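The values are calculated or read from the model by the stated rules, or taken from the named source; none is laboratory data. This one's a predicted model, so the numbers in the text were calculated from it and none came from an experiment. Quick reminder, even Gly has a Cβ in these numbers, built from the backbone with ideal geometry, and neighbours come from all protein chains shown. For the accessible areas, the whole protein counts, side chains as well, though only heavy atoms, and no ligand, DNA or RNA atoms are used. Shrake-Rupley method; radii C 1.70, N 1.55, O 1.52, S 1.80 Å.
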Amino acid sequence: MKYGHFDDERYEYVITNYNTPLPWINYFGQDGFFSLMSNTCGGYMFYKDAKLRRITRFRYNNVPRDYGGRYYYINDNGTIWNPGFLPVKTKLDSYKCRHGLGYTVFESEKNKLKCELLCFVPLKDLCEINQLTLTNLSNETKKITLHGVIEWCLWNAVDDQTNFQRNWNIGEVEIDDNTIYHKTEYRERRNHYSFFHTNIKHDGFDSDLDTFTGLYNSWCDPSAVMNKTSYNSKASGWSPIASHMFNIELKPNESKTIIFQTGYVENPDEEKFESMHVINKKRAYELQQKYNTKDQVLKAFTELKEKWMNLLSILNVKSDNDKFDRMVNIWNQYQCMVTFNMSRSASYYESGTGRGMGFRDSCQDLLGFLHLIPEKSRERIIDIASIQFEDGSTYHQYQPLTKRGNADIGGGFNDDPLWLIAAVSQYIKETGDYTILNDPTPFNNKEGSEKPLIDHLRASINYIITHKGPHGLPLIGRADWNDCLNLNCFSKTPGESFQTASNFESGKAESVFIAGMFVLYGKEFATILKNIGNEKEASNILKEVKDVEDATIKYGWDGNWFVRAYDAFSNKVGSHECEDGQIYVEPQGFCTMARIGESLGYGKKALDSVEKILTNDYGVEILHPCYKEYHIELGEVSSYPMGYKENGSVFCHNNPWIVIANTVIGNNERAFDVYKRNCPAYLEEVSEIHKTEPFVYSQTIAGRDAKNYGEAKNSWLTGTASWTMYAASQAILGIKPDYDGLMIDPHLPKEIKHASVTRVFRGITYHVNINNTSSGNYQMTINGKNIDGKIIPFNKENPEVTVVINL
Ligand code: BGC
Ligand code: NOJ
């Protein structure tokens, strides 16, 4: 069942049934002011950091689930409704929620009154614009009241939900004719405030939540709205909100537009106040003036759309498969932007209060983002590398506001260091810019500890070389990519975090997955070293790579697939010898990508096993059989009920590894088959089962052993986005940035007979036409001339190159 449809021309997903199986959300913002927007107008806003600088409040775990947002109440002769359906839940005569790239539009109608609400964050400013237009479609004059309301968060989102004994005393606001300013803690140490502004003078306001709703009412039936009034309440403590009320009269066919703006302002310390306790509003006024007319809003909205048109013109495909094109051209790239911005911090599943920017996560997010904005990628790489320690190990995350690493969600994940090489090598391939290697980059953000970035890569490699276990395989540390494979955790205490506890540091548990990574990225680092003339160092590293490769062949092969790990007692994990968890997907993907045991047919066998044992209707499950019991020696992986999360769901992030690995062994049909299985556009028709947004990837889809087989969770913030972008563009379409130029090495399935790709690479626009007759032969032709090899010779003089590939 579908709840809407794709509108590819407008780059939108149009939700036409508000009863979606879960909130279907969208993101706004690019450089500091970010918002989440659900299909019922729910969500929240923050500046840079969803934990430390939350602007509006959101109540997680609520009933109903999606509560808190920007709510517009229309009281039309006693019928009270919202353009986004919630919170009043009045049945609408028509409803559309158009989620677009960085904006959402609601188009709703009730009793011949039409409401159009356009919401977005402009490119250049720290604010969210909500432009609301009401049109009277009836033959009679309508007299209505409109309330526009948001609820402030007292900045630190964790403290806001916990420290009530203090917080219910500190809320402060200032109010004028059309703006409500939220200035809690501004008198003391904060230099920032926010505001909710309207472009016309309101007819009443409220800024105290309990007064607005009435103590025993809720967002569904706020007293002010029910009574078509405002109490002009001035919040002092408790929960400050901002509500503007308007009495509106509309003649038949008349329209009225009001622009609401939620803004964020920082003042230099010496300019904080206008007078004693009165905030200096100069910057706020400037911001307000920029979006006070429909023309100004239209201009900013057009700029946003143009920005996306330009971004999406960098990589674009037209093939004979609509769904593939739609994902590659629009939604997958859009999701890559969002994961780049958010890492794993703020979604409807990630509260934004737990995790900041992940070392591993953000490195991987770059793989699908780099082509969009290389300059931002470069900056991000340096931020991430700056939380590395001198020995090559790393903090696992940093808060975006402070950019300082912290161990709140654990540390000592031994895969982390290698992801930095993945990101940097891909950056160089995309841009040809080796100068990044010289960028002075601190360790643990300590001033004075700066070393060229290349020394960070050396530290990464060295960390693995110096941390090996009894089989010569890399030690796993707290865990590797699979955060739930906690082989040194041995937790017995209820509630103890698997991510931070280590009750038995065996110094022995090893990871075959990290071995695969080391071989893949070790070779990559060696290539970089060769390219900058460090031949000797490169060959030393290749020797180390060879050692790990040999150890993997010897101890990491189980007969039909790669072993997953060795536990603290050197027992195998992910082997036919185990009762449960006999095969895990991760090393099958990575070791095949790294071509370990290629001449022995390992990759082929491993991927056959993946197809036979792990593949279900919705993709490839992470392991099989699921753990039935808790295994203290394995940790969190065995804590999940069967078929969920790391215990046997389709953990979508590693599916593209299987896609890529299949193209490495030349199995193009299977690569595309895996691609399609968990691709949201292909699951749109079964949205009632899949449940999450049909336009973005989710982290996990419940596996065959789960009660809710096929149900996805944790949409949006997943490494699936960037890896799938990489798999689709670089493995399936085969448009591969390489050190010396653009390589074209497609692995199209038979069902795609033709693909025309436009790719802007290092300033040159390549038009690549791929004809797939599945002949098994490859021929590249440039301007009618046959060319040997698969790399397009780089020629700066030619800004446009047309290439034909016959397969
Ligand atoms: C989840 C993992 C996640 C980890 C780190 C675990 O509970 O299952 O997917 O990576 O927490 O926060
Ligand atoms: C989600 C985390 O964000 C990611 O870092 C991890 O690799 C996967 N879970 C697998 O555990």
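Observations
- Filter result (buried (at least 18 other Cβ atoms within 10 Å of the Cβ) and either within 20 Å of Met309 (Cβ to Cβ) or in contact (Cβ under 8 Å) with a residue 40 or more places away in the chain (or both)) within segment 760-780: Phe761, Ile764, Tyr766
- Test for Ala706: is it within 16 Å of ligand 1 (Cβ to nearest atom), farther than 21 Å from Leu372 by Cα and open to solvent by less than 20 Å² (accessible area, probe 1.4 Å): yes
- Segment 480-509 - residue that is closer than 18 Å to Ala661 by Cβ and out of contact with any strand residue (DSSP E or B) (no Cβ under 6 Å at 6 or more places or on another chain) and, of those, surrounded by the fewest Cβ atoms within 10 Å (Cβ to Cβ): Trp481
- Single unsatisfied condition, Leu623 versus (1) touching a residue at least 24 places away in the same chain (Cβ under 8 Å); (2) away from ligand 2 (no atom under 16 Å from the Cβ); (3) in contact with a strand residue (DSSP E or B) (Cβ under 9 Å, 6 or more places away or on another chain): (2)
- Beta carbons closer than 9 Å, at least 6 apart along the sequence or on distinct chains, pair a first residue in segment 294-313 that is in contact (Cβ under 8 Å) with a residue 24 or more places away in the chain with a second that is open to solvent by 50 Å² or more (accessible area, probe 1.4 Å) and assigned to a loop (DSSP other than H, G, I, E, B) for Ala300/Lys124; Ala300/Lys290; Glu303/Lys124; Lys305/Tyr11; Trp308/Tyr11; Leu312/Tyr11.
- Single condition Thr692 does not satisfy, out of (1) touching a strand residue (DSSP E or B) at 6+ places or on another chain (Cβ under 7 Å); (2) away from ligand 2 (no atom under 16 Å from the Cβ); (3) in a loop (DSSP other than H, G, I, E, B): (2)
Residue-wise test of (1) more than 16 Å from ligand 2 (Cβ to nearest atom); (2) at pLDDT 95 or above; (3) open to solvent by less than 10 Å² (accessible area, probe 1.4 Å); (4) under 24 Å from the mean Cα position of the chain (by Cα).
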site: Arg283; (1), (2), (3), (4): yes, yes, no, no
site: Tyr291; (1), (2), (3), (4): yes, yes, no, no
site: Gln296; (1), (2), (3), (4): yes, yes, no, no
site: Glu303; (1), (2), (3), (4): yes, yes, no, yes
site: Glu306; (1), (2), (3), (4): yes, yes, no, yes
site: Ile314; (1), (2), (3), (4): yes, yes, no, yes
site: Tyr334; (1), (2), (3), (4): yes, yes, yes, yes
site: Ser362; (1), (2), (3), (4): no, yes, yes, yes
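- Only residues that are open to solvent by 20 Å² or more (accessible area, probe 1.4 Å) and not in a helix (DSSP H, G or I) were counted in segment 412-434, giving 3.
- Qualifying residue in segment 381-395 (condition: more than 30 Å from Ser497 (Cα to Cα), open to solvent by 20 Å² or more (accessible area, probe 1.4 Å), aromatic (Phe, Trp, Tyr) and at pLDDT 95 or above): no
- Some residue of segment 101-111 being buried (at least 21 other Cβ atoms within 10 Å of the Cβ) and charged (D, E, K, R): no
- Residue in segment 680-689 that is modelled with pLDDT of 95 or more, within 19 Å of the chain's Cα centre (by Cα), more than 16 Å from ligand 2 (Cβ to nearest atom) and surrounded by 24 or more Cβ atoms within 10 Å (Cβ to Cβ) present: yes
- Residue check, Gly352 within 16 Å of ligand 2 (Cβ to nearest atom), on the phi > 0 side of the Ramachandran plot, within 14 Å of the chain's Cα centre (by Cα) and among the small types (Gly, Ala, Ser): yes
- Segment 689-704 residues that are aromatic (Phe, Trp, Tyr), paired with ones that are assigned to a loop (DSSP other than H, G, I, E, B) and within 16 Å of ligand 2 (Cβ to nearest atom) (beta carbon under 6 Å, 6 or more apart): Tyr697/Thr718
- Taking segment 282-323 as the range and being over 30 Å from Tyr675 (Cα atoms) and assigned to a loop (DSSP other than H, G, I, E, B) as the test, the residues that pass are Lys290, Tyr291, Asn292, Thr293.
- Ile752 under 17 Å from Asn321 (Cβ atoms), in a loop (DSSP other than H, G, I, E, B) and open to solvent by less than 80 Å² (accessible area, probe 1.4 Å): yes
- Scanning segment 637-673 for residues that are open to solvent by 30 Å² or more (accessible area, probe 1.4 Å) and either part of a helix (DSSP H, G or I) or within 13 Å of ligand 2 (Cβ to nearest atom) (or both) gives Ser639, Tyr640, Tyr644, Lys645, Val664, Asn668, Glu669, Asp673.
- Only residues that are surrounded by 23 or more Cβ atoms within 10 Å (Cβ to Cβ) and away from ligand 1 (no atom under 16 Å from the Cβ) were counted across segment 691-703, and they come to 4.
- Apart from one condition, Tyr11 fits all of (1) touching a helix residue (DSSP H, G or I) at 6+ places or on another chain (Cβ under 9 Å); (2) open to solvent by less than 10 Å² (accessible area, probe 1.4 Å); (3) aromatic (Phe, Trp, Tyr); the exception is (2).
- Which listed residue is without any contact (Cβ under 8 Å) to a residue 40 or more places away in the chain and surrounded by 22 or more Cβ atoms within 10 Å (Cβ to Cβ), from Glu711, Glu800: Glu711
- Only one entry in Gly556, Gly469, Gly477, Gly522 is buried (at least 16 other Cβ atoms within 10 Å of the Cβ), within 16 Å of ligand 2 (Cβ to nearest atom) and not hydroxyl-bearing (Ser, Thr, Tyr), namely Gly477.
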